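Engineer: Before I ask anything, let me first share the structure, which is written out below as structure tokens.
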Amino acid sequence: MCQERFELFEEDLNPTFLYTWKARRLKDDTKYHSRECLEIAYILSGTGEYRIDGEAFTVREGDLLIFNPGTRHQAFVTDMANTSTEFFVGASDIYFKNLPKNTLPLPESGCILHTSGELKQKLFKLCASMEAENTVCWPGRYFMMKSFLMQMLLLIVRQQAKPVEVKTGYAFESINKKYVVEQIVSYFEDHYAEKISLDQIAENMYLSPFYISRIFKSETGDTPIRHLINIRLEKARELLLSGFAGSIKEVAEQVGYDDAYHFSKLFKKRYGYPPSHEKKA
């Protein structure tokens, strides 16, 4: 299924949560019916059968059924010794590009998504959370139910979409490059006294260290580490000129260096004289 067909919402995801209920099916549905809203049914255990738009389907634990508006469906009991326990959620105000209102994309096999592994466990957990929330009227109950609903919708969509692989060295538009560099510089300014790792920054920004170094140098003419060193040395010099009474080791620690000797070497290389000279001036 083509991801572009439904990966983007027409507007922010802001569904209306309508209802939820859980039941063990002990008898057949009496009516072949449809709804105007979106209805999702998850088979928590057991087996059964559904007639959906004129076609019969066997359902079992882990099956998720998507009933878009107007989808006619009817449930049947096929084995009283192993009847299905089903969890239903109703929702509206859902918008995907190129799809009618309140319509979810369907799997290639039809309206039933067969789940297993991690997805199955996540859906089981969401159903359990919604059931627990539904039994107690805590403040904010509706919004909690809505948050569970949003997670469920996104899991369904992600299951059918192909993830886009982020390639090393992927080139952002120049405005995004500038933004990334500005964020890094701002972080350096605020955290220069702390231990800073380029690998950690890269991980937090979901980029590779190589890519960050490349775009940083293209925007500033310097490497991230050299830029951080310059900030630290400038802050150290400001501290010394302000009359700081502590030792050179304490100055070094104030700007992120544990090794006073290493700090002194960097300072002398930058300014042409050791920090002790600045302290005496």
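The values are calculated or read from the model by the stated rules, or taken from the named source; none is laboratory data. Note that the coordinates shown come from a computational prediction; the quantities given were computed from them, not determined experimentally. For neighbour counting, all protein chains shown are included, and Cβ atoms are generated from backbone atoms with ideal geometry for every residue, glycine included. We work out accessible area using only protein heavy atoms, side chains counted, and drop any ligands, DNA or RNA first. Shrake-Rupley method; radii C 1.70, N 1.55, O 1.52, S 1.80 Å.
Engineer: How far is helix 174-191 tilted off the main Cα axis of the chain, in degrees rounded to 10, range 0 to 90?
Structural biologist: So the helix axis and the longest Cα principal axis differ by about 60 degrees.
Engineer: OK, next. Which percent of the accessible heavy-atom area of the range 234-281 goes to carbon and sulfur, probe 1.4 angstrom?
Structural biologist: That fraction is 51 percent.
Engineer: Could you check the spin-label model distance between Arg51 and Tyr206? Points 7 Å from the Cα along Cα→Cβ, value in nm.
Structural biologist: 4.6 nm
Engineer: Further question: Any idea what the dipole of the chain comes to, in debye rounded to 20, about its Cα centre with Lys/Arg Cβ at +1 and Asp/Glu Cβ at -1?
Structural biologist: The calculated dipole for the chain is roughly 780 debye.
Engineer: So how tilted is helix 141-160 from the main axis of the chain? Cα-based, degrees 0 to 90, rounded to 10.
Structural biologist: Rounded to the nearest ten degrees, it is 90.
Engineer: Using unit Cβ charges (K, R positive; D, E negative) and no other charged atoms, how large, in debye to the nearest 20, is the dipole of the range 55-199 about its Cα centre?
Structural biologist: Rounded to the nearest 20 debye, it is 280 debye.
Engineer: Which loop-located GluC sites (Glu not before Pro) does the range 58-134 contain, where loop means any DSSP state but H, G, I, E or B and the Cβ has at most 11 other Cβ atoms within 10 Å?
Structural biologist: Glu108
Engineer: When only C-alpha pairs under 8 Å and at least 6 residues apart count, what is the relative contact order of the chain, in percent?
Structural biologist: 16 percent
Engineer: On to the next question. Considering all projection directions equally, how large on average is the shadow of the alpha-carbon convex hull of the range 211-281, in square nanometres?
Structural biologist: 5.0 nm²
Engineer: Return one whole number: the accessible area per residue of the range 198-281 in Å², for a 1.4 Å probe.
Structural biologist: Normalised by residue count, the accessible surface of the range 198-281 is 59 Å².
Engineer: Here's a follow-up. Sequence gap at least 6, Cα distance under 8 Å: using those rules, report the relative contact order of the range 1-158 to the nearest whole percent.
Structural biologist: 29 percent
Engineer: While we're looking at this one, here's another question. Compute the helix-to-body angle for 209-220: its Cα long axis versus the longest principal axis of the chain, expressed 0 to 90° and rounded to tens.
Structural biologist: 60 degrees
Engineer: List, in the order given, every pair from Lys101/Lys146; Lys120/Lys146; Lys146/Lys178; Lys217/Lys249 whose Cα-Cα distance in the structure shown is over 25 Å.
Structural biologist: Lys146/Lys178; Lys217/Lys249
Engineer: For the chain, compute the orientation-averaged projected area of the C-alpha convex hull (one quarter of its surface), in nm².
Structural biologist: Mean projected area of the Cα convex hull: 22.0 nm².
Engineer: Let me ask another. Out of Ile248, Asn176, His227, whose Cα points farthest toward the positive end of the dipole of the chain (charges: +1 Lys, Arg; -1 Asp, Glu; placed on Cβ)?
Structural biologist: The residue sitting most towards the positive pole is Ile248.
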